[in-house]
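Just so you know, all these numbers are worked out from the coordinates, no wet-lab data involved. None of these values were measured; they are calculated from a predicted model. Here Cβ is always computed from backbone atoms with ideal geometry, including for glycine, and neighbour counts include all displayed protein chains.
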Amino acid sequence: MTGDIGTGPQHTGDMDPEAFRAAAHRVAEWTADYLRDIERFPVLSPAPPGTVRRGLPTAPPQNSEPISAVLADIEALLIPASTHWQSPGFMAYFASSGSGPGILGETIAAAFNVNAMLWRTAPAATELEQVTLDWLRQMVGLPQPLFGVINDTASSSTLYALAAAREAQTDLRIRELGMAGRPELPRLRFYASTEAHSSVEKAGIVLGIGKDGLRRIPVDERYRMDPVALRQAIHEDVAAGIRPFAVVATVGTTSTTSVDPVPAIAALCEQHGLWLHVDAAYGGAAAIAAELRWVLDGAERADSIVVNPHKWLFTPIDCSVLWTRRPDVLREAFSIVPEYLTTTDGSEQDAPNLMDYGTSLGRRMRALKLWMVIRYFGTDGLAQRIREHCEYASMLARWVEGEPDFELLAPALLSVVCLRAHPPGLDDPGTLDSLNQRIVERINTDGRFFVSHTRLRGEYAIRVAFGNLRQEQRHVRGVIAALRGAIDDVG
Ligand SMILES: Cc1ncc(COP(=O)(O)O)c(C=O)c1O
């Protein structure tokens with residue numbers, strides 16, 4: 001078929017199929033070795049800033065270079081300057097581990113390289129996304145109907161959800177008229193706890209509601225939003241002529257994994273006609289384990305929910321699921337169809353055009369990796385790993401509770417433990433903060449583990465997060481020994 005215009009990819013400058021096959025085999029070998037040997041590398045990269053910049057030519061190559069030369073640079077330059085999220089010693093922030101099936105899914109998605117902007121530009125990717133997200137909905141126990149799309153990150157998902165919430169204030173006609181220079185527009189307000197993620201505040205900035213448009217609601221002693229304070233805040237704002245339009249409840253807060261009382265928050269939202277968005281970016285995955293399903297109690301009443309499979313579902317970054325019970329409003333917020341994108345393929349139900357549910361026109365085939373992860377592990381396999389990660393957190397928390405030199409700073413509800421060294425008699429806040437900072441630095445420079453920190457009620461807290469796919473009990477014992485060793489060294 002292509003005989004008269006060339007003999008294959010070589011003619012185009014791309015790899016020919018055999019060269020690609022050979023290179024792909026090498027990359028597969030490299031990947032398998034990297035994952036097998038991952039614990040050989042210091043988890044937190046010890047490379048000083050500028051290492052990679054200085055190691056690479058400042059100008060691009062004029063002529064073709066062999067893939068082997070590129071792979072050699074990956075080994076020599078990129079590995080030492082990488083922080084290894086795939087390592088079981090990675091216990092910072094929230095885990096993001098790419099499993100085997102997830103990595104293969106990314107590879108195949110890149111081979112297809114479809115752009116799922118319209119159903120017709122990617123029928124398989126569009127429908128696979130719908131089916132996979134309906135599977136996931138069932139796995140976490142949420143009722144139908146729930147429409148889902150995959151975005152890059154929870155930050156985008158939350159932005160889109162709040163854009164829909166703003167759009168639901170139809171009388172304000174913000175989509176048409178914008179917000180600037182309109183004195184008749186009431187000030188808009190939305191609510192989230194003092195523990196909610198910074199992406200919630202960012203969404204307010206992007207949507208023109210501003211940082212002041214987000215009212216932070218205090219939390220109780222377990223870092224959960226106080227619904228009485230929320231009710232009070234809504235009443236105060238209404239009385240002041242401000243228009244409340246949304247509440248973001250968090251299931252699994254970033255610092256401590258606390259779970260806001262979603263049923264009580266949902267009741268307030270229903271009473272006041274507010275959009276309820278549930279940020280379950282990290283914690284939503286826990287609901288796959290039957291005994292943890294309670295974390296999503298009340299989420300069935302939410303207008304939108306975000307869960308990130310790239311956090312605790314072993315799917316390579318990026319993969320963030322946004323579900324909504326009101327897809328029509330989400331579509332109204334974003335859909336613009338210029339002539340060159342019009343189609344007559346079928347109903348929105350049968351042939352949705354996923355470009356209509358967010359700011360991006362182009363969309364990667366992200367569902368493939370998630371579908372492959374779900375099929376490979378099965379619901380039971382995923383639940384089992386999640387359960388084990390929570391058990392690791394309990395093991396560490398029990399150790400902390402039995403150690404006179406350490407204390408827990410928050411309940412270890414899911415897979416994260418917030419703790420600090422607090423030797424008897426050492427009570428000066430500044431001294432305690434600096435001791436704990438030195439412990440974190442000590443652990444992280446040693447290389448076997450990478451832990452992060454947060455501040456809880458003003459106090460510096462060491463934050464140890466389980467959730468990496470490759471973690472085992474020996475890693476819990478290891479981090480316990482590292483904590484003990486660090487306080488002995490720097491205390
Ligand atoms: C509770 C919560 N929400 C949202 C986010 C933002 O996630 P992303 O990096 O996908 O934007 C995070 C990140 O850790 C988070 O912990």
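Dimensions of region 357-436 based on its C-alpha atoms, expressed as ranges along the principal axes with the largest first, amount to 57, 34, 16 Å. Compute the signed sum of charges (Lys and Arg +1, Asp and Glu -1) over the other residues within less than 13 Å, Cβ to Cβ, of Asp279. Once positives and negatives cancel, what remains is -2.
Over the Cα atoms of region 115-364, the radius of gyration divided by the Kirkwood radius equals 0.96; this is the Rg/Rh ratio.
Here the convex hull built on the C-alpha positions of region 379-490 has a volume of 94 cubic angstrom per residue. Sorting 342-349, 152-159, 41-48 by average packing, meaning the other beta carbons within 10 Å per residue, from highest down gives 152-159, 41-48, 342-349.
So what's the convex hull volume per residue for the Cα atoms of the chain, in Å³?
Details: hull volume 94.0 nm³, N = 491.
With only Cα atoms used, the chain gives 191 Å³ per residue.
Per-residue counts of other Cβ atoms within 10 Å, averaged by peptide: what ranking do you get for 279-285, 80-86, highest first? Don't jump to the answer; show the numbers that get you there.
Values: 279-285: 29.0, 80-86: 17.9.
Sorting 279-285, 80-86 by mean packing, highest first, produces 279-285, 80-86.
With the convex hull constructed from alpha-carbon coordinates only, region 437-487 shows a mean projected area of 3.7 nm² over all directions. For Ala481 and Glu65, a Förster radius of 35 Å and the Cβ-Cβ distance give a FRET efficiency of 0.20, rounded to the nearest 0.05. Max-minus-min Cα coordinates of region 161-303 on each principal axis give 51, 27, 26 Å, with the largest extent listed first. Compared with the alpha-carbon gap, the fully stretched path from Arg222 to Gln144 is longer by 24.9 nm at 0.36 nm per residue. Cross-link partners for Lys211 among the lysines, with Cα-Cα distance under 29 Å and sequence neighbours closer than 8 places in the same chain left out: Lys202, Lys311. According to the Cα-based calculation, Rg over Rh for region 297-434 is 1.17, with Rh computed by the Kirkwood formula. Summing +1 for each Lys or Arg and -1 for each Asp or Glu among the other residues whose beta-carbon sits under 15 angstrom from that of Thr253 gives 0. Within the chain, the whole DSSP H helices whose Cα atoms reach 20 Å or more along their own axis and whose mean Kyte-Doolittle score is at least -1.0 are 17-36, 123-139, 367-402, 429-446, 473-490.
Computed from point charges on the beta carbon alone (+1 for Lys and Arg, -1 for Asp and Glu), the dipole magnitude for the chain about its Cα centre is near 400 Debye.
Each label point was placed 7 Å from the Cα along the Cα-to-Cβ direction; for Tyr34 and Gln473 their separation is 3.2 nm. Projecting the Cα atoms of Val259, Gly458, Pro327 onto the charge dipole of the chain (Cβ charges, centred on the Cα centre) puts Gly458 farthest toward the positive pole. Which is the longest run of the chain containing none of the trypsin sites (Lys or Arg not before Pro) found in DSSP loop states (not H, G, I, E, B) with at most 16 other C-beta atoms within 10 Å? The segment 223-456 is the longest one with no such site.
With r as the distance between the Cβ atoms of Thr107 and Asp171 and R0 = 35 Å, compute the FRET efficiency 1/(1 + (r/R0)^6) and round to 0.05.
Working: r = 49 Å, r/R0 = 1.39.
Given R0 = 35 Å and the Cβ-Cβ separation, E is 0.10.
Note on region 81-98 and region 141-201: Cα centroid distance 31 Å, given to the nearest whole angstrom. Give me the net charge of Phe314's neighbourhood, meaning all other residues with Cβ under 12 Å from the Cβ of Phe314; Lys, Arg count +1, Asp, Glu -1. Its environment carries a net charge of +4. Measuring max minus min along each principal axis, the C-alpha atoms of region 17-96 give extents of 41, 30, 20 Å (largest first). Put a plus charge on the Cβ of each Lys and Arg, a minus charge on the Cβ of each Asp and Glu, and nothing anywhere else: the dipole of region 97-190 about its Cα centre is then about 380 debye.
Restricting the calculation to Cα atoms, region 92-141 yields a radius of gyration followed by a Dmax of 13.6, 41 Å.
The label-point distance for Asp328 and Thr343, in a model that sets each label 7 Å from Cα toward Cβ, rounds to 2.2 nm.
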